[in-house]
Amino acid sequence: MKTPVHIAITGAAGQISYALAFRLIAGDLAGPDQPLVLHLLEVPEAMLPMKGVAMELMDCASPLLADVIISSDPREAFDGADLVFLIGAKPRGPGMERRDLLQINAEIFAVQGQALNQAAKRGVKVLVVGNPANTNAMIALRNAPDLAPENFSAMTRLDHNRAVSQLASHCGCGTGAISRVAVWGNHSITQYPDLHHARVSGAPALEQVEQDWFRNQFIPVVQKRGAAVIEARGKSSAASAAHAALECMRDWMFGTPADDWVSMAVVSDGSYGVTPGLVYSFPVTVADGRYAIVPELPINQFSHVRMHLTEAELIAERDMVQHLFRY
Ligand code: NAX
């Protein structure tokens with residue numbers, strides 16, 4: 001019997017976690033013979049619905065679920081965690097400014113970063129989903145001085161998957177024919193989904209689609225897809241977000257396919273001129289559990305402008321919360 005992997009999920013009574021947790025105990029992340037211990041974290045007011053989720057998880061009688069721990073204390077929930085999905089966040093309330101939202105969530109992620117620093121395994125992989133995801137990840141890691149910045153990432157995999165799916169559907173092919181799509185920058189409306197390096201059945205994508213479609217349809221559709229789902233469903237993306245979180249973590253653990261990459265928001269090392277320290281989405285490859293930013297892609301003026309615009313938004317977000325950084 002393998003040693004269980006300890007997986008912490010925050011916002012465990014919320015809709016994304018509800019779609020994620022049952023896929024984890026079905027073996028979709030770590031495989032059909034890898035036992036798991038789930039550590040679920042919620043705010044005190046949501047302990048009862050979280051208990052309900054824990055009851056349902058037990059009622060699946062999954063042979064992979066070794067234990068479920070529930071808590072409203074981040075330090076307890078992150079104790080011994082190997083993998084962490086930071087999903088819980090405060091949604092934007094009526095009359096709330098973006099600045100207020102940033103501030104409230106910044107405080108949550110500062111506390112959770114400190115708790116991870118104290119309690120999680122040193123090789124922990126922390127994927128931040130809760131919005132504003134990039135800046136929340138930056139705050140968490142800047143409150144965890146004993147963990148490496150490379151232990152943290154923010155999720156842009158849903159944006160990446162949306163881009164792949166839009167391109168495949170426009171080209172009339174399966175998503176398996178698409179590779180090397182890149183999403184740059186912030187998980188927000190300023191993100192830049194880029195097809196300059198993408199391939200369709202191995203050939204350059206931009207030789208197979210019209211520039212006008214790429215610039216005036218593809219980019220805004222991907223940027224605004226979250227709002228379009230809310231408009232249609234009356235609720236924000238949940239199952240697709242859970243699926244993206246699972247795929248992102250799986251690739252981070254087991255590696256990216258040969259000759260392809262994925263988009264992950266990771267700490268900038270200055271690649272492509274992006275301000276060091278920002279959590280910025282880049283195309284990355286993963287080997288042996290470690291990601292590497294894809295180096296030296298040619299960037300034209302069209303891309304440069306968009307990559308810079310989304311960087312400027314992240315700099316403004318950082319400036320609003322940097323008083324909470326511990327280092
Ligand atoms: P829900 O409102 O259904 O659930 C959020 C849960 O988090 C609630 O149960 C709440 O009690 C809990 N929570 C709040 N503060 C917490 C804290 N300090 N500790 C632990 N739990 C806490 O939201 P859901 O639809 O699940 O979305 C969760 C987050 O994901 C939101 O911030 C949302 O904006 C973000 N998203 C991010 C995406 C991405 O691609 N990065 C896409 C989907 C989603 O919009």
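For MET155, MET55, MET253, what's the fewest-to-most ordering of other Cβ within 10 Å of each Cβ?
MET55, MET253, MET155
Under 5 Å from the amide H of VAL128 lie the amide H atoms of LEU86, SER153, ALA154, MET155, each residue being 5 or more positions distant or on a separate chain, with H modelled from the backbone and absent for Pro and chain starts.
If a/c stays under 1.5 just call it rounded; otherwise compare a/b with b/c (prolate if a/b is bigger, oblate if not). Do that for region 157-318, with a ≥ b ≥ c from the square roots of the Cα gyration tensor eigenvalues. Let's see the in-between values first.
On the way: a/c = 1.14, a/b = 1.11, b/c = 1.03.
Because its axes are fairly even, with a/c under 1.5, region 157-318 counts as rounded.
Label sites at ARG122 and CYS171, each approximated as a point 7 angstrom past Cα along Cα to Cβ, lie 4.4 nm apart. A simple spin-label model places the labels of ARG290 and ASP28 3.1 nm from each other, with each point 7 Å out along Cα-to-Cβ.
Pick out, in residue order, every one of the trypsin sites (Lys or Arg not before Pro) in region 234-294 that is DSSP loop and has at most 15 other C-beta atoms within 10 Å; say none if there are none. Don't skip to the end; give the middle numbers.
On the way: sites: LYS235, ARG250, ARG290; in loops: LYS235.
When the trypsin sites (Lys or Arg not before Pro) of region 234-294 are filtered for loop state and at most 15 Cβ neighbours within 10 Å, LYS235 remain.
Take every Cα pair under 8 Å whose residues are at least 6 apart in sequence, average their separation, divide by the length of region 216-299, and the relative contact order is 21 percent. The C-alpha atoms of region 48-174 occupy a region whose extents along the principal axes are 48, 42, 35 Å, arranged from largest to smallest.
Could you give the size of the charge dipole of the chain about its Cα centre, using +1 on the Cβ of each K and R and -1 on the Cβ of each D and E, expressed in debye and rounded to the nearest 20? Mind showing how you got there, number by number?
Details: 26 positive and 33 negative charges, 59 e Å.
I would put it at about 280 debye.
Label-to-label distance for ILE104 and GLN301 is 4.4 nm, based on points extended 7 Å past Cα in the beta-carbon direction.
Look at the alpha carbon pairs under 8 Å that are at least 6 residues apart: their mean separation over the length of region 5-154 gives a relative contact order of 23 percent. Size descriptor for the chain, Kirkwood hydrodynamic radius: 20.1 Å (Cα pairs only, one decimal).
Test of understanding: what is the full-extension gain from ILE230 to GLU97, defined as 0.36 nm times their sequence separation minus their Cα-Cα distance? Provide the component values of the computation, followed by the final result.
Values: separation 133, 0.36 × 133 = 47.88 nm, distance 1.96 nm.
Difference between extended and current length: 45.9 nm.
Relative contact order, whole percent, for the chain stands at 17, derived from Cα pairs under 8 Å and 6 or more residues apart. Compute the angle between helix 47-59 and the longest alpha-carbon principal axis of the chain, please, reported from 0 to 90 degrees and rounded to the nearest 10. For helix 47-59, the angle is close to 90 degrees. Between the helical axis of 157-171 and the longest alpha-carbon principal axis of the chain there is an angle of about 40 degrees. Loop-located trypsin sites (Lys or Arg not before Pro) across region 117-226 with a Cβ neighbour count of 10 or fewer within 10 Å are ARG122, with loop assigned by DSSP. Each residue of region 260-270 was assigned a 3J(HN,Hα) from its phi angle through the Karplus expression (A = 6.51, B = -1.76, C = 1.60, θ = phi - 60°), giving 9, 9, 10, 9, 9, 8, 9, 5, 5, 9, x Hz with x at Gly and Pro.
For the chain, the longest principal axis of the Cα atoms and the long axis of helix 98-119 meet at an angle of about 60 degrees.
Between the exposed loop cleavage positions of the chain, defined as GluC sites (Glu not before Pro) in a non-H, G, I, E, B DSSP state with at most 10 neighbouring beta-carbon atoms within 10 angstrom, the longest gap is 98-295.
Values quoted throughout were computed directly from the atomic coordinates according to the rules given, and no laboratory measurement underlies them. Just so it is clear, the model here is predicted, and its values are computed rather than measured. Positions of Cβ are generated from backbone atoms using ideal geometry, with glycine treated the same way; all protein chains shown enter the neighbour counts.
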